[in-house]
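Just so it is clear, none of the values below were taken in a lab; they were calculated from the coordinates. Nothing here was measured: the structure is a model prediction, and the numbers come from that model. Here Cβ is always computed from backbone atoms with ideal geometry, including for glycine, and neighbour counts include all displayed protein chains.
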Amino acid sequence: MQNKIIKKVIKKDKIKNWINELMKNYKVIAPVKEGDEDVFFRIIKSADDVCMDFQNTVLSPKEFFFPKSEKIFEFEGDEISDSGSKIGRKRILFGARPCDVHGLTILDNVYKGEFNDPYYLQRRENTTIISLACSEPDENCFCKSLGTGPVLCDADIIITDLGDRYFIEAKTDDVNLVNFDIIKEAAPGDVELKDIKQKESEDKITRAIELNKNLDDLHLEAESRKCLGCGCCTYICPTCTCFDVSDESMISKQKGKRFRCWDSCMFPSFALLAGGENTREEKSDRFKQRFYHKFKYYPEKYGKVMCVGCGRCTRKCPVNTDVVKIINYNKLDCNY
Ligand code: SF4
Ligand code: SF4
């Protein structure tokens, strides 16, 4: 059954009061400014730390569901104990941009269903998501062409900046999260203004990626020549799912811990096998793999591309590798 949507508004100067109310019952993860302009998701200790005025965070909130490094279990002889890190009380992810919320639905396909990843799933199930719709998308954003932003997403609550107040759309299930005196019922004028603001935001996105391209026609080998193999594009991507597993053990006592940490298909050792064979020894093969996985293999299996158009990889690549430019390559405009 479709959830009824509750429509409310909150004055901007009351948003911190709302977050304080949420913090009484939840661990709250929210955007925090560090330095002059970089914003990161952090578990907040005070609502005063929350930054509401940013384009997008440097890293997506993926690491709060799939940490960069985590202990999976400890072992002693044949005995396994302590099944990984615990997340404790219920959490709210506050202020995630729509593209990053879509990023989590892409991770869901990998970690839920065919294989169930208990560490990821317990975090996902224990977290309510309050998304902050974009009002000033970045020049590298191309979410609109993928249907992953700049407003709509599968969050529990979506808030939209109306100028002096925020519009709040919540599913009925989450009514308690918006049931405070400082949050008022929305008037028809608020709904109208919200639609205008959302349309304005969509109109600001001018970049678009072409879908259903034949990747064999692209010049991935030529593009790979400038790649440094640093892996930055994969580490900052909200949809990359690969990890490596290693043991830290005391052989004399036959005990230790098993960890996993993010890995990158751009690293030479990624496809190195135990016998010394490397199935992607050449940099160009690793570069191609990233594109084929995101724009061919994943869509063949799950029906959508493994990219949400956040633009982070383009923004941060030290040699300006641009995913949109590479995918949209047209033989007629060939510069190679
Ligand atoms: S960020 Fe750029 S240079 Fe680094 S691995 Fe990715 S494409 Fe190569
Ligand atoms: S734009 Fe780049 S970083 Fe963002 S989801 Fe797509 S591939 Fe990942």
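Mean sequence separation of contacting Cα pairs (under 8 Å, at least six apart), scaled by the length of the chain, corresponds to a relative contact order of 21 percent. In terms of other Cβ atoms within 10 Å, 24, 283, 194 run from fewest to most in the order 24, 283, 194. Modelled spin-label separation between residue 53 and residue 300, with each label point placed 7 Å from Cα along the Cα-to-Cβ direction: 4.9 nm.
Projecting the Cα atoms of 61, 119, 96 onto the dipole axis of region 1-147, where Lys and Arg carry +1 and Asp and Glu carry -1 at the beta carbon, places 96 farthest toward the positive end. Using only the alpha-carbon atoms of region 5-203 as identical scatterers, what base-10 log of I(q)/I(0) does the Debye formula give at q = 0.08 Å⁻¹? Evaluating at q = 0.08 Å⁻¹ gives log10 I(q)/I(0) of -0.29.
Can you tell me which of 78, 247, 161 moves the most in a GNM of the chain? Springs connect C-alpha atoms under 10 Å apart. Fluctuation is largest for 78. The phi-based Karplus calculation (6.51 cos²θ - 1.76 cosθ + 1.60; θ = phi - 60°) puts the 3J(HN,Hα) values of region 314-327 at 5, 4, 9, 4, x, 10, 6, 5, 10, 4, 5, 4, 5, 5 Hz, whole numbers, x for Gly and Pro.
Here's how it looks for residue 243: its modeled amide H is under 5 Å from those of 263, which are all 5 or more places away or on a different chain. Taking amide hydrogens as placed 1.01 Å from N in the peptide plane, the amide H of residue 96 sits under 5 Å from those of 130, 132, each at least 5 positions away in sequence or on another chain. Tell me, Kirkwood radius of the chain from alpha-carbon pair distances, in Å? Kirkwood radius, the chain: 21.8 Å. Just going by the charge dipole of region 5-203, with Lys and Arg at +1 and Asp and Glu at -1 on Cβ, which of 73, 153, 163 is farthest out on the positive end? Going by the Cα projections, it comes out as 163.
In what sequence do 102, 293, 219 fall when counting other Cβ within 10 Å, fewest first? Walk me through the numbers on the way to the answer.
Details: 102 27, 293 17, 219 13.
Ascending Cβ contact count within 10 Å gives the list 219, 293, 102.
With a length cut of 18 Å (Cα positions projected on each helix's long axis) and a Kyte-Doolittle mean of at least -1.0, go through the chain and give me the DSSP H helices that pass. Qualifying helices, which must be both long enough and hydrophobic enough, are 98-111.
In a reduced charge model with +1 at each Lys and Arg Cβ and -1 at each Asp and Glu Cβ, the chain shows a dipole moment near 300 debye about its Cα centre. Net charge dipole, region 5-203: roughly 660 debye, given to the nearest 20, about the Cα centre with Cβ charges of +1 for Lys and Arg and -1 for Asp and Glu. Taking the charge dipole of region 215-333 about its Cα centre, with +1 at Lys and Arg Cβ atoms and -1 at Asp and Glu Cβ atoms, the residue from 219, 237, 321 reaching farthest to the positive side is 237.
Amide H contacts for residue 278 (H built 1.01 Å from N in the peptide plane; partners 5 or more residues away or on another chain; cut-off under 5 Å): 273.
When only Cα pairs below 8 angstrom with a gap of at least 6 residues are kept, region 14-161 shows a relative contact order of 22 percent.
Given contacts defined as C-alpha pairs under 8 Å and at least six residues apart, what's the relative contact order of region 215-333, whole-number percent?
Details: 141 pairs, mean separation 37.0, N = 119.
Here the relative contact order equals 31 percent.
Residues of region 118-161 with an amide N closer than 15 Å to a point placed 7 Å from the Cα of residue 37 along the Cα-to-Cβ direction: 136-141.
Simple spin-label estimate for residue 279 and residue 4 gives 5.3 nm between the two label positions (7 Å along the Cα-to-Cβ direction from each Cα).
What is the magnitude of the charge dipole of region 215-333 about its Cα centre, with +1 placed on the Cβ of each Lys and Arg, -1 on the Cβ of each Asp and Glu, and no other charges, expressed in debye to the nearest 20?
Numbers: 21 positive and 15 negative charges, 110 e Å.
That gives region 215-333 a dipole magnitude of about 520 debye.
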